[in-house]
Amino acid sequence: MIHRFFLLLSACGYGAGLPAQIQFVKQNGWLTPANHYSGVAIAVLDMNGDGRDDIVRMDQGFDLAIEYQSGAGQPFQRQAVATLTQGSQWAICAGDLDNNGFPDLLSAGYKDGVKVLRAAGSTFNLTLLNAPEIFAQCANLADIDNDGRLDAFVCSENGPPLVFMNNGAGNLIHQPAQIDLKTFPPSDGSGNYGSVWSDIDNDGDTDLYIAKCKDGVNDPADGRRVNQLFRNNGDGTYSQDSTNVSGLRIGAQSWTADFGDIDNDGDFDCFITNHDVPSQLLENDGAGHFTDITLSSGLFNAVTGLAVQGVFRDFDNDGFVDMLVAGSEHHLFRNNGDKTFTTIPILDDAQMESFALGDLNSDGFQDIYAGYAEVFNDPSIIPDALWINGGNGNSYFGLNLRGVQSNRSGVGAKVLLYSALGVQVREVRSGESYGIMNSTQVHFGMGQISQIDSVIVHWPSGLSDRLYKPALNQYFDLEEGSAGVPVKEPLRVENPVLLFPNPASGEIFLDWEHFPGGTLRVVIRDNLGIGLRTVHAEYPLGTLRIPVRLDGLPVGIYRIELVGPERMICKQIVKQ
């Protein structure tokens, strides 16, 4: 039987406020077996290099198999891989450790060691890493020292995380001194749950954030439950934010954290799932300083139950990332495009506990592979579900990245897309939220716009590639260096423009520090990308302040596009 569940969404770009209908369709019949019982650890990524997302799942949490996507609407092809243990694995991530073109798999569970399945074509060799015993939680692959090889990071409940460095041949070696993981205040270093690697301060390298939780510890200042941020110094070393300059040293019982750009201003904002206080949404100022906007966003107390997963993705392709949360209850929070979110009912009554995300029928929309484990980790009697996004009339653009000087999987690459929707930003990550692996395929929802201005890929190596006006509704295969165009420093998204007041009624002012001088074009656009007001002016070198009139525009959300001699900047404004 095919089950259909409908969401009525007011999608960006639909005329006269008409809702766009989105449906998720359960397609378990595409998989073998149809009834499968995962624990928490699930992965979605392209495992054979054909540009399509596949599913890596473990029946009962340890019998690992790959379901290869054959094509839109076609049954997946199953390959049994290995029995990892007799206990449920609690984390999985993947990436090409030896840069041979085939992703390798890493998993870990309850005191049964960290395991790597090295891929050589369609065969896998299982290795148990030499490391201390660990009660594993989330795991990631990241190029920690930026040498072009993926390393590994595994969170532990009962001690400090484990750091494994790649020896250059794809072998992971335990190196606990690589990152100083001590806590402030001092503790035994335990309580590590959700870890994520992201460039949170827009300086071009990947930082580390750990969401921490410790059962039975009631003091929010205890080092076992204070979230940790480690800023990348750019030389293979990391400095911890021990004084809360970032605003991310949160002492709640945090389970996961994710970073995504909620307002298309080119930086990553943060969503944290907490168990003892309401989950939090924090806005990035562009330099890695975060302000809690949970109350104004409409998300205060919106996450009910015990959250196990929380991830940003654009499910309706309107150009703004939404949030999917799962656990003892599940929720989809739709981004309204104005830094507020609306709760949307999804799927069926069974409570989705875990998931992994990607495009599982290659139609340009994000799908859900859902697991219904017992909170927190053990498989249940409810079978997994493959929920296919029925889509709508919105467009998309995507990338399949292949590193050359950088790691082959492109993990750590940062992608900026410039259009009338603003500056959308994405990252390639391996391992997210709580022990899951989401697709490394880069995905942008594009709403109803008709043209992309440009797409810039900043690789971990420091190289950049730029695509000019690529066509919509495609997944573009891009190899590092194949579209190399020198990226001038002014194209870095550093938020040099201040807008105030915002929201505004009659007039808004623009301050642009160190404007290079020359002609400046200011365009106010609606959500369809239609220009409603344009100002051309010539300005001298130096600080720039100009007024832009908003009178005559209806109350609503707009994009203000600033085009100078060497830079284009898009920001969101609100007319009240």
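The values are calculated or read from the model by the stated rules, or taken from the named source; none is laboratory data. Nothing here was measured: the structure is a model prediction, and the numbers come from that model. Cβ placement follows ideal geometry from the backbone for every residue including glycine, while neighbour counts extend to all protein chains displayed. Ligands, DNA and RNA are excluded from the accessible area calculation, which covers all protein heavy atoms including side chains. Shrake-Rupley method; radii C 1.70, N 1.55, O 1.52, S 1.80 Å.
Observations
- Hits in the range 414-430 (condition: part of a loop (DSSP other than H, G, I, E, B) and under 17 Å from L401 (Cα atoms)): V428, R429
- Verdict on A139 being more than 30 Å from D215 (Cα to Cα) and either part of a strand (DSSP E or B) or in contact (Cβ under 8 Å) with a residue 40 or more places away in the chain (or both): no
- Test: residue in the range 67-80 that is buried (at least 24 other Cβ atoms within 10 Å of the Cβ) and among the aliphatic types (A, V, I, L, M): no
- Qualifying residue in the range 292-313 (condition: hydrophobic (A, V, I, L, M, F, W, C), touching a Cys at 6+ places or on another chain (Cβ under 7 Å) and buried (at least 16 other Cβ atoms within 10 Å of the Cβ)): no
- Count - residues of the range 435-453 that are open to solvent by 10 Å² or more (accessible area, probe 1.4 Å) and not in a loop (DSSP other than H, G, I, E, B): 1
- Looking across the range 240-273, just one residue is surrounded by 22 or more Cβ atoms within 10 Å (Cβ to Cβ), in contact with a Ser or Thr (Cβ under 7 Å, 6 or more places away or on another chain) and assigned to a loop (DSSP other than H, G, I, E, B), and that is F268.
- Tally, over the range 312-323, of residues that are part of a strand (DSSP E or B) and either farther than 20 Å from H443 by Cα or of a type outside the set (K, R) (or both): 3
- Residues (hydroxyl-bearing (S, T, Y) and outside any loop (DSSP other than H, G, I, E, B)) located in the range 274-306: T291, T294, S296, S297
- Those residues of the range 173-200 which are aromatic (F, W, Y) and buried (at least 21 other Cβ atoms within 10 Å of the Cβ), in sequence order: Y193, W197
- Taking first residues from the range 439-465 that are closer than 17 Å to Q405 by Cβ and partners that are of a type in the set (V, I, T) and open to solvent by 10 Å² or more (accessible area, probe 1.4 Å), the Cβ contacts under 6 Å between residues at least 6 apart in sequence or on separate chains come to S464/V487.
- Restricting the range 504-538 to residues that are within 36 Å of the chain's Cα centre (by Cα) and outside any strand (DSSP E or B) leaves a set whose member that is modelled with the highest pLDDT is S505.
- Answer residue from the range 394-410, given it is open to solvent by less than 10 Å² (accessible area, probe 1.4 Å) and not polar (S, T, N, Q) and is nearest to D526 (Cα to Cα) among those: F397
- Residue match in the range 150-172 (condition: open to solvent by less than 40 Å² (accessible area, probe 1.4 Å), among the hydrophobic types (A, V, I, L, M, F, W, C), over 21 Å from G412 (Cβ atoms) and assigned to a strand (DSSP E or B)): no
- Counted residues, the range 324-342 - those being in contact with a Lys or Arg (Cβ under 9 Å, 6 or more places away or on another chain) and either more than 13 Å from I368 (Cβ to Cβ) or open to solvent by 10 Å² or more (accessible area, probe 1.4 Å) (or both): 2
- Search result, residues across the range 539-570 that are open to solvent by 30 Å² or more (accessible area, probe 1.4 Å), modelled with pLDDT of 70 or more and part of a strand (DSSP E or B): P547, R549, I557, V563
- Here I55 qualifies as in contact (Cβ under 8 Å) with a residue 24 or more places away in the chain, in a strand (DSSP E or B) and touching a strand residue (DSSP E or B) at 6+ places or on another chain (Cβ under 6 Å).
- Selection from the range 306-331 of residues that are of a type outside the set (S, T, N, Q) and more than 15 Å from the chain's Cα centre (by Cα): L306, A307, V308, D316, D318, A326, G327, E329, H330, H331
- Among the residues of the range 43-62, just one is closer than 13 Å to G109 by Cα and surrounded by fewer than 20 Cβ atoms within 10 Å (Cβ to Cβ), namely Q60.
- Restricting the range 343-368 to residues that are of a type in the set (V, I, T) and within 21 Å of D263 (Cα to Cα), the residue that is most open to solvent (accessible area, probe 1.4 Å): T343
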